[in-house]
Structure formats: structure tokens, C-alpha cells
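Below: one structure, written as C-alpha cells.
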């Protein structure tokens, strides 16, 4: 396994994780994963290979993906870190609704605790900034959950540097999750900025796949090696529904 990074300074994980979004109904990542038992086996195999960081979200399924992770991995072994997201709900394969109001985020944290079967969520990320809600208000709600012990660390997804700075004025931010791969480099400056601050950068779309479609455009070994070499704060979370592909990704990263 490759090198490690400490999310929030204390959650030490290898720099390969598991992006679980694809373990949902298709098309559109909507509904429960059709091969539920196969999904559980895949998640368990990931742990056997040394993967201990799992990325999910309320909108994946919605809710079904969190439930699948819990059914497969709970009770969680020491060192397993599960990150989830809120602020977006999914009404159909093509219809997303943003709501990052404090009341909604507070409720979503409580519901995620139940679905994941934990007393504290390792990393709860704001999935998208809600244009109707200042990011300061959304982060303040997550910080209240953090101070109450329901959330260990707060993350942000799909944000610009200015939004990160506004969030940092409210609460500690442990991670950023933006789209980044060797062909889509719009967030490279943010990678360097977060690295200087000790914030994890978790690129989604690391192999260039469309979020709502199967298939990756980039060679896995080359794409993942590029990301690992790009910055020491990057944690790669390729998504897969195949044990063979999972093992290939782990081998590629171990040799990076």
C-alpha cells in the first residue's frame, strides 16, 4: 500500500480510498445497487486489501449507498474511516435538490448516524454550496454537530478557494473534494493551497469518468500515479464495481 495522509491531523489513512458512488442503482446512481451481496463482498475485499477510507453520500442512491456500507462493514474494524456528504438530495436519476440550510444539514447528520450505525461520523462533507444559503451558515451548522460530538471533521465539496476561506473563518475544514484528474486540472491551484494548510484533497472523477455514466476515459495506472505524484495531500478514491478492477487499482497505487 502507498503512503498515508492524516485527515484533520488524526485520521491516518492510506492514500487510496474507495469511492462507493457506483454501488447504487443505474442509470443515474439512483436506487439500491442491483447486486447487493456482490457490493458487500467488494467492500469487504477492499478492506482485506488494506483500503480503509470509504467515501459515500446521502445523494448516492439516495441513502442506499450508506446503508450498503454499513451492512457490509459494520461493526467497523479499527482504522476504518467513513466519509459521507449532505446538502443535496436526489429525487430521480436526473433530479438533484440542493438544500444546505442549517435545519436540513442538522437533520441529515442525525439520519446519517443511524444509517451508518455510528455515534460519530468521521468526516461529513457539504456536497455542494447552496446558492440560497451563505456557506457560513451551512458550515456553522456542521460545526455545531462537530462540537456536539456527532461529526469528527468537516469537509467541503465542489468549492472555490474563496468559499473555502469563508468556511475556514467559521470552523476547521479537514478536506476538499473537487473534480480533478490528469486531463481536468481546474482545481490544481486549490490542491496547492490545501496542501499548504494541511487539508486533504480528495479528487472525484480521478479516471475521467462521467458522474452519471459508466466507464473511465483514462488509463487507471497512469491516472492514479499522476494524482499521487501531484501532491502529498491527495487521497485517491477510484470507484469500481469489480473486484478485479479494485485489485488492479490497489496494485497500481502500491507501485506508484
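Annotation: residue 211 fulfils all but one of (1) part of a loop (DSSP other than H, G, I, E, B); (2) without any contact (Cβ under 8 Å) to a residue 60 or more places away in the chain; the unmet one is (2).
Is it the case that residue 126 is crowded, with 16+ Cβ neighbours inside 10 Å, under 30 Å from residue 71 (Cβ atoms) and in contact with a helix residue (DSSP H, G or I) (Cβ under 9 Å, 6 or more places away or on another chain)? Against the criterion (crowded, with 16+ Cβ neighbours inside 10 Å, under 30 Å from residue 71 (Cβ atoms) and in contact with a helix residue (DSSP H, G or I) (Cβ under 9 Å, 6 or more places away or on another chain)), residue 126 qualifies. Please find, among 164, 156, the residue that is within 21 Å of residue 204 (Cα to Cα) and not in a helix (DSSP H, G or I). One residue alone meets the criteria, 156. Summed over segment 24-48, the residues that are over 14 Å from residue 247 (Cα atoms) and touching a strand residue (DSSP E or B) at 6+ places or on another chain (Cβ under 9 Å) give a count of 8.
Out of segment 169-196, which residues are in contact (Cβ under 8 Å) with a residue 12 or more places away in the chain and not in a loop (DSSP other than H, G, I, E, B)? Matches in segment 169-196: 175, 176, 177, 179, 188, 189, 190, 191, 192, 193, 194, 195. Name the residue that is farthest from the chain's Cα centre (by Cα), counting only residues in segment 78-87 that are in contact (Cβ under 8 Å) with a residue 24 or more places away in the chain and surrounded by fewer than 22 Cβ atoms within 10 Å (Cβ to Cβ). Step by step, filter segment 78-87, then rank; the result is 79. Scanning segment 2-24 for residues that are surrounded by fewer than 17 Cβ atoms within 10 Å (Cβ to Cβ), on the phi < 0 side of the Ramachandran plot and either at pLDDT 95 or above or not in a loop (DSSP other than H, G, I, E, B) (or both) yields 4, 6, 10, 12. Per the conditions (1) surrounded by fewer than 22 Cβ atoms within 10 Å (Cβ to Cβ); (2) in contact with a helix residue (DSSP H, G or I) (Cβ under 6 Å, 6 or more places away or on another chain); (3) at negative phi, the sole criterion not satisfied by residue 75 is (2). Any residue that is part of a helix (DSSP H, G or I), without any contact (Cβ under 8 Å) to a residue 60 or more places away in the chain and within 20 Å of residue 84 (Cα to Cα) - is there at least one of those in segment 231-248? Within segment 231-248 (the criterion being part of a helix (DSSP H, G or I), without any contact (Cβ under 8 Å) to a residue 60 or more places away in the chain and within 20 Å of residue 84 (Cα to Cα)), the answer is no, since none of the residues qualifies.
Might you let me know whether segment 167-174 holds any residue that is over 28 Å from residue 133 (Cβ atoms) and under 19 Å from the mean Cα position of the chain (by Cα)? No, every residue in segment 167-174 fails to be over 28 Å from residue 133 (Cβ atoms) and under 19 Å from the mean Cα position of the chain (by Cα). Would it be correct to say that residue 141 is buried (at least 18 other Cβ atoms within 10 Å of the Cβ), over 18 Å from the mean Cα position of the chain (by Cα) and assigned to a helix (DSSP H, G or I)? Answer is yes for this residue.
Applying the criterion of being buried (at least 16 other Cβ atoms within 10 Å of the Cβ) and over 26 Å from residue 11 (Cβ atoms) to the residues of segment 210-240, the residue that is modelled with the lowest pLDDT is 216.
The values are calculated or read from the model by the stated rules, or taken from the named source; none is laboratory data. Remember, it's a predicted structure, so these values are computed and weren't measured experimentally. Positions of Cβ are backbone-derived with ideal geometry, glycine not excepted, and every protein chain shown enters the neighbour counts.
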